[in-house]
Amino acid sequence: MSATERMDAIRQQIKACKNCPLYRGRKNAVPGEGPYDAKLMCIGEGPGFHENEQGKPFVGQAGKFLDELLAASGLKREEVFITNVVKCRPPSNRDPEPQELAACRNYLDEQIELINPKVIVTLGRFSMGRFIDGGRISQIHGRAHEIGGRIVVTMYHPAAALHQPALKGALLNDFAQLKVLLNRQEPPEAPALPEMPEKDQPEAEQLSLF
Ligand code: URA
Ligand code: SF4
């Protein structure tokens, strides 16, 4: 199976999944969206009201702000794979339970493995908790961690800034820093070999080992 076929298969599995009680309240599961070869993957918490209605991640108010944040790092939403730690909406947007996070974990693991993003951005503490034990978001927001050969940047959740406007500036600033990080991640261009002047070029026989 190609990577695209495997990603499509994961989508279908998620849509039919009954591994945890969250399936009961869903209208639409939200597997995630974006290019399968995205450089950046953003991982949120779980679908809210609008996401459950549409089956797409971050389409409500927090999603609008996420678009703004991505623009601050020089990216369009279409270039980024966006998903969540749980793929079905928790009732009344409550926090996901540990057993729900555990039940849904494999889907995210497979998505990360297949997309193989250079940088992962975690949005909020549940997504952060997937990579880091006991971190405090107020202390480590915007920080880049090297985890399993990948860069994981821990960010505040965009919805947090909708409730606490003081966080908006921190988020915008952290996403602007991400731009530097994403560009630094580019493999260095091989330096062009300087052209040697004619007289310095070795004779053919000098190159020969025999
Ligand atoms: N909040 C999330 O964490 N994820 C979404 O998809 C939407 C809002
Ligand atoms: Fe399955 Fe995840 Fe939905 Fe639970 S939240 S039913 S584990 S897809």
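The values are calculated or read from the model by the stated rules, or taken from the named source; none is laboratory data. Everything numeric in this text was worked out from a predicted model, so none of it was measured. Every residue, glycine as well, gets a Cβ built from its backbone with ideal geometry; the counts of neighbours run over all protein chains shown. Just the protein is used for accessible areas: all its heavy atoms, side chains included, with ligands, DNA and RNA removed. Shrake-Rupley method; radii C 1.70, N 1.55, O 1.52, S 1.80 Å.
Roughly to the nearest percent, how much of the accessible area of segment 3-185 is carbon and sulfur, given a 1.4 Å probe? Carbon and sulfur together cover 46 percent of it. A 26 angstrom limit on the alpha carbon distance is what I want to check against. Which of LYS27/LYS118; LYS27/LYS76; LYS64/LYS179; LYS18/LYS39; LYS87/LYS179 exceed it? Those over the limit are LYS27/LYS118; LYS27/LYS76; LYS18/LYS39; LYS87/LYS179. Per residue, the chain exposes 57 Å² of solvent-accessible protein surface, assessed with a 1.4 angstrom probe and all protein chains in place. The trypsin sites (Lys or Arg not before Pro) of segment 53-158 that meet both conditions, a loop assignment by DSSP and at most 10 other Cβ atoms within 10 Å of the site Cβ, are LYS76, ARG94. Eigenvalues of the alpha-carbon gyration tensor of the chain, scaled by 5 and square-rooted, set the equivalent ellipsoid semi-axes at 40, 22, 15 angstrom, largest first.
Taking amide H atoms as placed 1.01 Å from N in the peptide plane, the amide H of HIS145 lies under 5 Å from those of VAL152, VAL153, THR154, each 5 or more residues away in sequence or on another chain. When +1 charges are put on Lys and Arg Cβ atoms and -1 charges on Asp and Glu Cβ atoms, the dipole computed for the chain relative to its Cα centre reaches about 1480 debye.
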